[in-house]
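Computed from the coordinates by the stated procedures, all read-outs in this text should not be read as laboratory data. Given the structure is predicted, the values throughout are model-derived calculations rather than measurements. Neighbour counts are summed over all protein chains in view; Cβ atoms, including those assigned to glycine, are modelled from backbone coordinates with ideal geometry.
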Amino acid sequence: MKRKLFLFLTSIILFLHCFSFANPIPTPTIFISELYFNETDNWTLELYYFGVDPGIMGFDSVFFLSSTDTVQYTGNNFQYEEGYLALNENNLDEYFNLNRYGDALKIRWYSMDMMFEDGLIYGNMPEAVISYPRNGQSLSYYNAYVKDKSPTLGLPNDTIGCMGTLSGVVYDLNNIPIPNRTFNFEINSFTTNTFGQYSTRVLSKHTSLNWLLYYDDQTLRYCSTEPIIYAMEPDSAVIADFYLLDTLWVGLNKKETANNSLRLYPNPVSKTGYLKYEIDLPYKSTDLRIELLTVDGKLLWSEKINNATGRINISYEAGVYILYFRMANTILASEMILITE
């Protein structure tokens, strides 16, 4: 009987062990969702929490930390599996100093004998991720910490009141404006006009990036740029130009490229005549060049082209040559030509 009981209990333990790995229990977690100061610099802090199993698993203890104070939060307001909780100094048993113009705020909690933290460094503190909130503004989290002039304390954050307008010109790697192209920056897409100008809504925060996304048909691709650095306030405007460091191209189909994509005539061509070309490639590029090479690979002539048709002034000795159409380091099409006397 004892052996049967032992085997039964062992099987139950193994079942629970396997079940716990198949269905891991989420760790109770707290995020700093929003921080607001009123006209007298009194703070309100919004916390977002999740992973709580009411009555079974929650937070053993929670502490507020700043650069000058540490206070334990003794309230029992984490009553749901997840939710938003707006707290101020009246919810604490002790005074907690938080400097509006710069501080290192942390929320530290203990659960299952483990310590966890979330932090927000702002204002004039070293390693601050955002500047201090002006009157009527909060620091809210929306993909990153942003300045928000429409605080939503106790509710999920949104983009109302936390965006500004970024505008300028997008230049290719030859400093030529890129017209009629669609890019993606932060959370929005924009399309340049015929002069390469753009305007888009961006999050109100400090930004320092050296890349931009663009669309290749329905595919979103990466492009490196010169560093773009700015600080955006809610409903303000910043002018900033993008200077791309990569070539953009769209929809290049190798099968179509190889199939009658390049037409040259006349061929053969006299060394005192003109060679006309027509390109029929399914792409757009900001760095398309036509090159003439000898059969042993010596580059004789190279020129950037912007039109699908054109002509080349032939002024080389009679012989066999190769004509390349190149985009950056990619040869899109090539053709052998014969130059005659």
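So here's what we get for this one:
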{"quantity": "Sequence-distant residues sharing a close amide H with residue 104 (under 5 Å, placed H)", "calculated": "67"}
{"quantity": "D (Stokes-Einstein, µm²/s), Kirkwood Cα radius, the range 163-243, 0.692 mPa s at 37 °C", "calculated": "258 µm²/s"}
{"quantity": "Unit charges on C-beta of K, R, D, E only; dipole of the range 97-241, Debye", "calculated": "320 debye"}
{"quantity": "Cut-off under 5 Å, modelled amide H: who pairs with residue 187 long-range", "calculated": "203"}
{"quantity": "Loop-located chymotrypsin sites (Phe, Trp or Tyr not before Pro) in the range 100-184, at most 15 other Cβ atoms within 10 Å (DSSP)", "calculated": "101"}
{"quantity": "Dipole moment magnitude, nearest 20 debye, the range 28-148 about Cα centre, only Lys, Arg, Asp, Glu C-beta charged", "calculated": "340 debye"}
{"quantity": "Ranked list, fewest to most other Cβ atoms within 10 Å of each Cβ, for 131, 199, 208", "calculated": "208, 199, 131"}
{"quantity": "Where the Cα pairs of the range 28-148 fall when distances are cut into 5 Å bins, in %", "calculated": "2, 11, 21, 26, 19, 13, 6, 2, 0"}
{"quantity": "Kirkwood Rh, angstrom, the range 49-104 [1 / mean 1/r, Cα pairs]", "calculated": "12.7 Å"}
